[in-house]
Amino acid sequence: MTSLAHQTVDQLGGPWSVLTRQKRDHERLDRLLHQLEGTSGVEQERVLHRIARLVFPHAFAEESVLWPELRRLLPEGHQLTLQVELEHQEVNELWVRLEDGSLSPSERREVLGRLVEVLREDVRDEEDELLPRLQEAVGPARLRQLGVAWEAVRRTAPTRPHPVVARRPPGNALAALPLTVIDHTRDLVDAAARRTSNGTATRLRTTSQAMARAAGRVERVGVLRRGEHRSTHRG
């Protein structure tokens, strides 16, 4: 197998191939992680915001479209995808810790460092192991079909961490609509809060926090946890 990192667009199946789309997102993530180094305060939050809006829809689409395909095609697909699902789960949990506001500066640096480490591990596991196996198992036409499906899901996926939702269908598929609506609305509210100041910004942040609590309640709806592997289950 050849890592995606060492293949051209043509070798990956063309611009519509899911492998090309995955590699493009991974390269963008690498640039953002380099930008994150040495940042603090408002600038750090700005870069983290961009990373979140890239990472969470990307991972959601993988778990909905690609990993079920690998489990169907490969005898070892279950274990391969579980490893990446565990990495996705840890990213969700680390991000929630960053957002809770109770970390000391040293704790925040530690969590942030681990987050960067796991994101880089996830990219390597996907580009060096999972996606080359998918490439071996299907032809270019199927890779392009998966690319269209993956892109469609990515564009309509939740944009924030949801550590309690199942990492596998059918739970994650059922959670997509309510969580996407909440997340995208929160994105608009938070953007408005950043553009204003004083009382209006405070009210908008309060609204965003209320929506976050609503998302937390949605995550715990029983049917949205169906399909979860016990290794990524969270109470």
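The values are calculated or read from the model by the stated rules, or taken from the named source; none is laboratory data. These numbers come from a predicted model, not from an experiment. When we count neighbours, we look across all protein chains shown, and the Cβ atoms used for this are built from the backbone with ideal geometry, even at glycine. When the accessible area is computed, the model is the full protein with side chains, heavy atoms only, and any ligands, DNA or RNA have been set aside. Shrake-Rupley method; radii C 1.70, N 1.55, O 1.52, S 1.80 Å.
Between Val116, Val18, Val138, the GNM of the chain built on Cα springs shorter than 10 angstrom shows Val138 fluctuating the most. With a simple spin-label model that places each label point 7 Å from the Cα along the Cα-to-Cβ direction, the separation between Ala5 and Ser197 comes to 4.5 nm. Take every pair of alpha-carbon atoms less than 8 Å apart whose residues are at least six positions apart; their mean separation over the length of the chain yields a relative contact order of 27 percent. For Rg/Rh (Cα atoms, Kirkwood Rh), the value calculated from this model appears in (1) 0.97; (2) 1.13; (3) 1.18 under label (1). Our summary gives segment 128-219 a relative contact order of 25 percent, counting only alpha carbon pairs under 8 angstrom and 6 or more residues apart. Between the Cα long axis of helix 198-219 and the first principal axis of the chain there is an angle of about 40°, rounded to the nearest 10.
Sorted largest first by accessible area at a 1.4 angstrom probe radius, with every protein chain in place, the residues Met1, Met211 fall in the order Met1, Met211. Between rounded, prolate and oblate, where does segment 146-235 land on the alpha carbon gyration tensor, with a ≥ b ≥ c its root eigenvalues, rounded for a/c under 1.5, else prolate if a/b exceeds b/c? Verdict is oblate for segment 146-235. Taking Cα centre as origin and charging only the Cβ of basic (Lys, Arg, +1) and acidic (Asp, Glu, -1) residues, the dipole magnitude of the chain rounds to 1040 debye. Approximating the spin labels as points 7 Å out from Cα along Cα→Cβ, the His229-to-Arg50 distance works out to 3.3 nm.
A simple spin-label model places the labels of Asp30 and Asp125 1.9 nm from each other, with each point 7 Å out along Cα-to-Cβ. Under the combined filter of DSSP loop state and at most 15 neighbouring Cβ atoms within 10 Å, segment 9-72 retains these GluC sites (Glu not before Pro): Glu37.
Say R0 is 30 Å: what FRET efficiency, to the nearest 0.05, do Gln83 and Val221 get from their beta-carbon distance? Calculated transfer efficiency: 0.65. Determine the shape class of segment 90-163: with a ≥ b ≥ c the square roots of the Cα gyration tensor eigenvalues, call it rounded for a/c under 1.5, and otherwise prolate if a/b is greater than b/c, oblate otherwise. Verdict is oblate for segment 90-163. With the helix formula -39500 (n - 2.57) applied to DSSP H stretches of n ≥ 4, the chain reaches a computed 222 nm mean residue ellipticity of -23000 deg cm²/dmol.
Highest GNM mean-square fluctuation among His34, His88, His26, for the chain modelled with Cα contacts below 10 Å: His34.
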